[in-house]
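Asks: Before I ask anything, let me first share the structure, which is written out below as C-alpha cells.
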Amino acid sequence: MRTRAATSIAIALLIAMAAASLLILAYGQSPGHVYAVLLGHTWGDRYGLGQVLFKSTPLIFTGLAVAVAFQAGLFNIGAEGQLLVGGLAMALVGARCGGLPAPLAIGLCLAAGALAGAALGALPGWLRARFGAHEVINTIMLNFIAQALALWLGRRFFFVEQTVHTPAIADCARLPALGLAGSAASVGFALALLAAIAVHGLMRHTRLGFELRALGQSATAAAAGGVAIGRAIVVAMALSGGLAGLVGAGTVLGYKGYYEEGIASGSGFMGIAVALLGRNRPLWIVPAALLFGTLAHGGLAVNALVPKEIVEVIQAIVILAIAASSSDLQRLAAQGQR
Amino acid sequence: MTGPAAIGAGEGGEAAALSLEGVTKRYGALLANDHVALEVAAGQVHAIVGENGAGKSTLLQIVYGTVAADAGRLRVRGRDLDLARHSPATAIAAGLGMVHQHFMLVPTLRVVENVVLGREPRRRGRLDLDAAAAEIAALGERHGLRVDPWRRVEQLTVGEQQRVELIKILWRGAQTLLLDEPTAVLAPTEVGDLFAVLRSLAAAGKSVVLVSHKLDEVTAIADAVTVMRHGRVVARLAAGTSSAEIASAMVGTDAASQLTAAAPGARPATASRQAAAVLAARDLVVPRDGGGRGVDGVSFELRPGEVLGVAGVQGNGQSELALALAGLLPVRSGRVLLDGIDVTAAPTGERLARGLGQVPEDRLLRGLVPAFDLAENALLGRQPEFTARGLLARGRIARHAAELIAASDVRPPDPSLPAASLSGGNQQKLVVGRELSRPGLRALVCAEPTRGVDVAAAAGIHRRLRQAADSGVALLIISTDLAELRRLADRIAVMYRGRFAAVLEAAQASDRALGQWMTGATA
C-alpha cells in the first residue's frame, strides 16, 4: 500500500514536469535551464530556502487541518475562513501582550489563534452532528462569513486608521526569524513541524485518534464500538479548525507582526491539495507543503525566463494527477453518491 | 440428487422455460450452491424458499449472469447457454429479466426514460419517447401494471417503482422473470397488486421465478415451490402445500447438526432462575427504518448463565432488537435494564463499560473496521480498557491482539493484516473472541454468530459461547438457524412481526412448532 502510494505520487510529479517541459519548450526556453534556475533560487541559496520555508508554513498547517478532518471521514473546506479568524485573534492578543515574557506571550497568541479557528470549525461539525447538515456546504459558506466578519470587525474596531491592518503586536509576541539571509522564514516553520509530529502522535497513539480514525473508516462500526459519534465529529472539526487557525504563526507572529486583510489568503484551499498529495498522513504533509512552497517561490525566480503561470500549471497538473489516482478521493466520491 | 421426486416439472412435451442442472458455486469453504437442479415450466410461478444463506439469491444471480457458477448447465426455452460465458447481456438476449431487491432506477428521470435507458428508440437520429410511452401504457393495460410513463421515478411509491422495473424487463422482451424478494419492500396492500400482475403474466405464458422467505405469500402465489437449505435443494413441492409443511422442509434439522447437537439438558444447569436478571427488556418498542415498529412490545429477563435464543424469519424485528439493546437505535418506549440499572437512554459506550458485549449481525458493517488491521480491530469497542491518560498502551494492545488471535484460532495469525483480507469465518472468530474476552462481561447480545462460517469454525464458536454461559454470562442469541439455537439455548423465543409470538423450552421446540410460530400460522 505504502509503496504504491509513493509510486503514484512520483508518477504524478513526473507527468507534471513532462507537461510543463512541453510548455517551456513552446515558449522557446530550455526546460533543463528553467528547472535549474528554479531549483537554484529556491533550495540553492539561503534566501531562497528561507522563502520556501516561509511559504510552506501556512500550507503545513492547512494541510494538517484538512488531513485530520479527512481521517475522521469529514471534508473541511473551511480552512480559508478558519485561518482568517485565527490570524485576527492572534494579532489582537499579540497587541495586548506588552511586558509579558516572550514564551507566555507567544503561547497566548497561539492559543488564541487555535481557539478562534477551532470555534469556527466546531460550528459546522455541530451542525453535521446535530442536524446532519453536510459539512462541505457549511464550511464553504462559513468562509464567506468569516471573511466578511473579519473585515467588518477590523474596520469597525481594530484596524489602524486609514489602513486594513491591526496595530503591531508586542515585540515579545514576535516569533524570531530563522536568520536565513533576511528571508521571511521564522520559528513558525519549526512550530509547523512540531504540529505535524503532534498530529501524527495524536492520530496513531491516543484513544481520541483511534476513535476518530474508526469514525472515518466506518461510522457504524465506530458507533458499535462505543464511540460517541456526534461528539467525535465536533472534536474532529474543532481540531481541524484549530490547526488552520495556527497559520498566523508564520504570517502574523513570524513575519508581518500584524493581521492584514487578505493575509495568507489561498492557503486554506491550497491545504486541500497539500493533504491530497500527502495522502492525509500528517508526516507526509510536510514534504507535500515544501513542494508547493518551492513551486510558489520558484515561480517568481523563473519569471524572467517564462511566465510564472507555467509553475502554476505544474501545480495544477500535480493536483490533477494525484487526484486521479487517489483512492481517498474515490472513496469520498462513493460516499457522496450514497 | 437424492431429494424428493420432482413434482410438476417437465410435464407435457414442450421445453421448460428454464432448466438448471448440477449448478455449483463455492465461496472458499462454503458451498453456496451444491448441484442445484431446477425446472420452471412456461406459464408457471415458481418460488424458491429457504433460510438466509441457503443459496437462493446466489442461484438467481447465476441464472442472470451476475455471479459465475463453478459448474452446471443452464437451458432457457430448450436452448443451452454456456454458463462459463454467461453474463447479464446473454441472459437478456435469451429472454431473461431480473428485478433486483434494490431497484436499478434513476430517480430523477421519468418512467419512460428509465424504461428505455440503454436502448433508446430513435427516429431520424432523435430520441423518440412517445412510441415507447405508448408501449408502456399498453403493457400496463394488459397486465395491470398501471403507472404514468411521464412521471418522475422519485415521485413514485415503492410499489410503483417495482412496476417500472417489471415494465422495463417486459419492454425488453423478457419471457422469464427473476424476482429477488419482490415483496420485501412492499406494503401488504401492494403485495396483492403485485400477485395479480404475476398471475396475469403467467396467464400470458411468461414464467416467474421468485425468491422469498415469506411462506404465506409463497403459498398464495406459487404453482411450484423449491426449498433450499445449505446450498442444496431439499424439497420440491406442488401448489397447495401448507406453509407449515414448507416451513419444516425449510428449517428441518439435518443429519450433520443432529450429530453435533448436545442434548440441551446435558448443559450444567448454572442458570439460576432465582438470581437477579442481568439483562432485561420491558415492553420495548423500537421504530423501524421507514416507519412502523420494528420491535413492538418485547419483554424478557435473562439471568446469569441463561441462554435465550431468538428465532424468526428475517425482518421480524430481530435486527432492531439487537441494535436497541446495544444503544444503537433509539427506543420509542419501554426500558432496557442492565444489572438492574436502567440504561434505556445510556450511550453504547456506557453499556459496554457496564459489561455488555455484542456480536453484530453484520460483522463488516458493525463488528469490524475492514480497513483496520487485526490489532486495531481487537481494540475496537474496548479502547477505554487499553488507554492510560489518553494514550493507547501499545504493548498491552499488541499482547491482547496476539492472545486473542491465538485463542480464537484466527488465520492467518498476523495482527498487522487488514481485517478485510480475512475470510468471513476468521473475521467472525475475531469478533466473537473479542467480545467474549471482555473483562467483566455480564451479558452478550449475539446476532447470527455463525453466519457464513464453515462447519469447523462454527463448532468452535458454539463451544466458546457455551463456555461463556457456563461461566455465568447471560446470552441472547438471535439466529435464523434453528439447529444452532437448539444446540445453544435454554429457551427459544420466536419473533414474529416485532413481538415474541412464543417462548418455548428448547428441548420441546420442534422444527414444526417453531416453523408455525415463525410464519404466524399459529398466531
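Asks: Has the stretch A:121-128 got any residue that is surrounded by fewer than 24 Cβ atoms within 10 Å (Cβ to Cβ), in a helix (DSSP H, G or I), in contact with a helix residue (DSSP H, G or I) (Cβ under 8 Å, 6 or more places away or on another chain) and without any contact (Cβ under 8 Å) to a residue 12 or more places away in the chain?
Replies: Residues of the stretch A:121-128 surrounded by fewer than 24 Cβ atoms within 10 Å (Cβ to Cβ): A:122-123, A:126-128.
Among the residues that remain, those that are also in a helix (DSSP H, G or I) are: A:122-123, A:126-128.
Narrowing further to those that are in contact with a helix residue (DSSP H, G or I) (Cβ under 8 Å, 6 or more places away or on another chain): A:122-123, A:126-128.
So of that shortlist, the ones also without any contact (Cβ under 8 Å) to a residue 12 or more places away in the chain come out as A:127.
Within the stretch A:121-128, one or more residues are surrounded by fewer than 24 Cβ atoms within 10 Å (Cβ to Cβ), in a helix (DSSP H, G or I), in contact with a helix residue (DSSP H, G or I) (Cβ under 8 Å, 6 or more places away or on another chain) and without any contact (Cβ under 8 Å) to a residue 12 or more places away in the chain.
Asks: In this structure, does A:Asn138 turn out to be modelled with pLDDT of 95 or more, under 17 Å from the mean Cα position of the chain (by Cα) and more than 14 Å from A:Val252 (Cβ to Cβ)? Steps first, please.
Replies: Numbers: modelled with pLDDT of 95 or more: yes; under 17 Å from the mean Cα position of the chain (by Cα): no; more than 14 Å from A:Val252 (Cβ to Cβ): yes.
Answer is no for this residue.
Asks: Restricting the search to the stretch B:447-468, which residues are modelled with pLDDT of 90 or more and in contact with a Pro (Cβ under 9 Å, 6 or more places away or on another chain)?
Replies: Hits for the stretch B:447-468 are B:Ala447, B:Glu448, B:Ile461, B:His462, B:Leu465.
Asks: Right, something else. Here are the criteria: (1) away from chain B (no Cβ under 14 Å); (2) part of a helix (DSSP H, G or I); (3) modelled with pLDDT of 95 or more. Tell me which single one A:Ala273 does not satisfy.
Replies: Going through (1) away from chain B (no Cβ under 14 Å); (2) part of a helix (DSSP H, G or I); (3) modelled with pLDDT of 95 or more one by one, A:Ala273 breaks only (3).
Asks: Criterion first (in contact (Cβ under 8 Å) with a residue 24 or more places away in the chain and of a type in the set (D, E, K, R)) does A:Glu309 satisfy it? Write out each step before concluding.
Replies: Working: in contact (Cβ under 8 Å) with a residue 24 or more places away in the chain: no; of a type in the set (D, E, K, R): yes.
Answer is no for this residue.
Asks: Next question. Hey, can you tell me all the residues within the stretch B:117-136 that are surrounded by fewer than 18 Cβ atoms within 10 Å (Cβ to Cβ) and among the small types (Gly, Ala, Ser)?
Replies: Passing the criteria: B:Gly118, B:Gly125, B:Ala131, B:Ala134.
Asks: So, restricting to helices (runs of 4 or more DSSP H) that lie completely within the stretch B:336-434, which ones have at least 2 residues that are facing chain A (nearest Cβ under 10 Å) and at pLDDT 95 or above? Break it down stepwise before answering.
Replies: Details: elements: B:348-353, B:374-379, B:394-407.
Result: B:348-353, B:374-379.
Asks: Of everything in the stretch B:299-335, what is crowded, with 22+ Cβ neighbours inside 10 Å and over 22 Å from the mean Cα position of the chain (by Cα)? Give them in sequence order.
Replies: Residues satisfying the conditions are B:Leu302, B:Gly305, B:Glu306, B:Val307, B:Gly327.
Asks: Residues that are closer than 30 Å to B:Ile478 by Cα and at pLDDT 85 or above: list the helices (runs of 4 or more DSSP H) wholly contained in the stretch B:1-118 that include at least 1 such residues. Working first, answer last.
Replies: Details: elements: B:56-64, B:88-93, B:111-116.
Answer list for the stretch B:1-118: B:56-64.
Asks: How about the stretch B:62-118: which of its residues are outside the structural domain of B:Val23 (by TED's automatic domain parsing) and among the charged types (D, E, K, R)?
Replies: If the condition is that a residue be outside the structural domain of B:Val23 (by TED's automatic domain parsing) and among the charged types (D, E, K, R), then B:Arg110, B:Glu113 are the ones that fit.
Asks: Something else: Name the residue, out of A:Val34, A:Val52, A:Val66, that is crowded, with 17+ Cβ neighbours inside 10 Å and over 25 Å from the mean Cα position of the chain (by Cα). Spell out the reasoning first.
Replies: On the way: A:Val52 fails: over 25 Å from the mean Cα position of the chain (by Cα); A:Val66 fails: over 25 Å from the mean Cα position of the chain (by Cα).
None of the other options fit; the residue is A:Val34.
Asks: Which residue, of A:Ala148, A:Ala198, A:Ala232, is surrounded by fewer than 16 Cβ atoms within 10 Å (Cβ to Cβ), within 14 Å of chain B (Cβ to nearest Cβ) and either among the polar types (S, T, N, Q) or under 24 Å from the mean Cα position of the chain (by Cα) (or both)? Explain how you work it out, then say what you get.
Replies: Working: A:Ala148 fails: within 14 Å of chain B (Cβ to nearest Cβ); A:Ala232 fails: surrounded by fewer than 16 Cβ atoms within 10 Å (Cβ to Cβ).
Answer to the selection: A:Ala198.
Asks: Would you mind finding the one in B:Ala68, B:Ala42 that is surrounded by fewer than 21 Cβ atoms within 10 Å (Cβ to Cβ) and closer than 30 Å to B:Val455 by Cβ?
Replies: Selected residue: B:Ala68, the only one of B:Ala68, B:Ala42 that is surrounded by fewer than 21 Cβ atoms within 10 Å (Cβ to Cβ) and closer than 30 Å to B:Val455 by Cβ.
The values are calculated or read from the model by the stated rules, or taken from the named source; none is laboratory data. Because the structure is a prediction, the values reported are computed rather than measured. Every residue, glycine as well, gets a Cβ built from its backbone with ideal geometry; the counts of neighbours run over all protein chains shown.
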